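Novice: Before anything else, here's the structure in question.
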Amino acid sequence: MRVLLVGAGGVGTAITRIAARRSFFEHMTVADYDLGRAESAVAALGESGARFGAARLDASDPVAVRAVLTEHRCDVLLNATDPRFVMPLFEAALAHGAHYLDMAMSLSRPHPSRPYEECGVKLGDAQFERAADWEAAGRLALVGIGVEPGLSDVFARYASDELFDEIEEIGIRDGADLTVEGYDFAPSFSIWTTIEECLNPPVVYEEDRGWFTTEPFSEPEVFDFPEGIGPVECVNVEHEEVLLVPRWLKARRVTFKYGLGDEFIGVLRTLHKLGLDRTDPVSVKSGAGAAAEVSPRDVVAACLPDPAGLGERMHGKTCAGTWVKGSKDGRPREVYLYHVVDNQWSMREYGSQAVVWQTAINPVAALELLAGGVWSGSGVLGPEALPPRPFLDLLNEYGVPWGMREQ
């Protein structure tokens, strides 16, 4: 297997550090718009970096992406960029004849007149529209294979296969007790992506209604997270699992709720009120009087610290998991399948902060299953379309066990 990894930010760099310890691939080319960043990711591997190389690449240019795939003889493209670049990379991989993996799906657009009631363009719609073309090409686009979506979807499939006869609700619940020294406000993940998913209308699925939307931050609930994190208030947020799980699994309701906290929600509401969440460029005059076209959201991201560089200042744990309620053998059952990462551990073992490392481990495991033929398929598939047990067993082999709590 020869892999083109696009994106050498926090998640991309963590992917290289995890993959360097595994033998399943022949070569990995790390590509980024900033060549220096890609080179730094490879150089940080030291002697373990012999199977890695660096390249400069504009992820928005499918022709350039195909050229790099050809030059480095890559048969898999792993997308570690933000969701703006999903479609050009997805299309370039198909045109080249490479398999494709990502951790976030093509962007949504709210309904033009009823955004908080009806779906407009849903997350992943643009990718699923091309499913027949991927099937015809005999190639696999494995979408949403980070931690959420990704491991959370694997948990959902495992629960459906082995733990329940009937499922009332599958609810992804994400919470943490992470703090960052020295900053009043410092998100632990890409603020661009966080704004996108938190301020868009959240999607909920119900079997008798299909997909529908609600107001941002709706239906607050307190969820008790394991391994010392404790109770965290979680709210509805737009996320891929709600669009993926019902395509393959039977459940009466599917939700995603994220533990944001009042302060974070307040900041997001303020950004929205001021128009600083917008992605369309606005004209801004410089000190010299010249005008520049800039995206307000990009300005916000530029003003905040890079999440990948916060690891030394971060303390605490992050938890991703899937809560499932239903019945087994005629008796009610409720479980929470989860994965917890302690930032102190991930920094000590890999030099990557907990949130980006927890995201990165899952596409590496998926690549290994694909390389060994344990996972296979064609078309556009989510993680819940594939057998869960090999993936969960491999996580244990990687030394990052998952847990299950009876509720």
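Novice: Explain nothing, just the number: relative contact order of the chain, from Cα pairs under 8 Å at least 6 residues apart, as a whole percent.
Specialist: 20 percent
Novice: Additional query: Which residue, GLY289, GLY12, GLY259, has the most motion in a Gaussian network model of the chain that connects Cα atoms within less than 10 Å?
Specialist: GLY289
Novice: Set the Förster distance to 22 Å, then compute FRET efficiency between ASP177 and GLU312 from the Cβ-Cβ distance, nearest 0.05.
Specialist: Once the sixth-power term is evaluated, E becomes 0.80.
Novice: Here's something else I'd like to know. Suppose a student asked you for the relative contact order of the stretch 43-199, using Cα pairs under 8 Å spaced at least 6 residues apart; what percent would you report?
Specialist: That works out to 17 percent.
Novice: With a cap of 11 neighbouring Cβ atoms within 10 Å, and only residues DSSP puts in a loop, list the GluC sites (Glu not before Pro) found in the stretch 44-150.
Specialist: Taking the stretch 44-150 and a limit of 11 other Cβ atoms within 10 Å, the loop GluC sites (Glu not before Pro) found are GLU129.
Novice: Let me ask something else. At 1.4 Å probe size, with every protein chain present, just tell me what the per residue accessible area of the stretch 169-286 comes to in Å².
Specialist: 45 Å²
Novice: Three principal axis extents, largest first, for the C-alpha atoms of the stretch 190-248, in Å?
Specialist: Ordered largest first, the stretch 190-248 gives principal extents of 36, 27, 21 Å.
Novice: Something else about it: With a point put 7 Å past each Cα toward its Cβ, work out how far ASP161 is from GLU26 in nm, to one decimal.
Specialist: Taking the simple label geometry, ASP161 and GLU26 are separated by 3.0 nm.
Novice: Could you tell me the ratio Rg/Rh of the stretch 303-392? Both radii from Cα atoms, Rh via Kirkwood.
Specialist: Dividing the radius of gyration by the Kirkwood radius yields 1.08.
Novice: Students often check this: by mean Cβ neighbours within 10 Å, which of 319-330, 180-191 ranks highest, and how do the rest follow?
Specialist: The peptides rank, most packed first, as 319-330, 180-191.
Novice: Write down the accessible area per residue of the stretch 288-365 in Å², having rolled a 1.4 Å probe over the full set of protein chains.
Specialist: 41 Å²
Novice: If I model a spin label as a point 7 Å beyond the Cα along the Cα-Cβ vector, how far apart are those points for ARG331 and GLU263 in nm?
Specialist: Taking the simple label geometry, ARG331 and GLU263 are separated by 4.4 nm.
Novice: Taking LYS122 as the anchor, which lysines have their alpha carbon closer than 29 Å to its alpha carbon, excluding any fewer than eight residues away along the same chain?
Specialist: Filter leaves LYS250, LYS257, LYS273, LYS325.
Novice: Run lengths n ≥ 4 of DSSP H only: what is the helix-derived mean residue ellipticity at 222 nm for the chain, with -39500 (n - 2.57) per run over all residues, to the nearest 500?
Specialist: -9500 deg cm²/dmol
Novice: Once the Cβ-Cβ distance between ARG247 and ARG56 is put in as r, and R0 is 45 Å, what FRET efficiency do you end up with, to the nearest 0.05?
Specialist: It comes out at approximately 0.80.
Novice: Right, next: Would you kindly state how much longer the chain becomes between GLU219 and LEU274 on full extension, computed as 0.36 nm times their sequence separation minus their alpha carbon distance, in nm to one decimal?
Specialist: That pair, GLU219 and LEU274, stretches by 17.3 nm at full extension.
Novice: Probe radius 1.4 Å, ligands and nucleic acids ignored: give me the carbon and sulfur share of the accessible area of the chain as a rounded percent.
Specialist: With neighbouring chains kept in place, the figure for the chain is 48 percent.
Novice: How large, in Å, is the stretch 12-171 by the Kirkwood hydrodynamic radius built from its alpha-carbon pairs?
Specialist: After inverting the mean inverse Cα-Cα distance, the result is 17.6 Å.
Novice: Give me the compactness ratio for the stretch 75-167, meaning the Cα radius of gyration over 2.2 N^0.38 Å.
Specialist: Output field value: 1.24.
Novice: Name the chymotrypsin sites (Phe, Trp or Tyr not before Pro) in the stretch 20-61 that are in a loop by DSSP and that have at most 10 other C-beta atoms within 10 Å, would you?
Specialist: none
Novice: Using label points projected 7 Å from each Cα along Cα→Cβ, tell me how many nm separate VAL299 and ALA136, to one decimal.
Specialist: The modelled label-to-label distance comes out at 4.5 nm.
The values are calculated or read from the model by the stated rules, or taken from the named source; none is laboratory data. What you are looking at is a predicted structure, and each value in this text was computed from that prediction instead of being measured. Heads up, the Cβs are rebuilt from the backbone with ideal geometry, glycines too, and the neighbour counts pull from every protein chain shown. Calculation scope for accessible area: heavy atoms of the full protein, side chains included, ligands and nucleic acids excluded. Shrake-Rupley method; radii C 1.70, N 1.55, O 1.52, S 1.80 Å.
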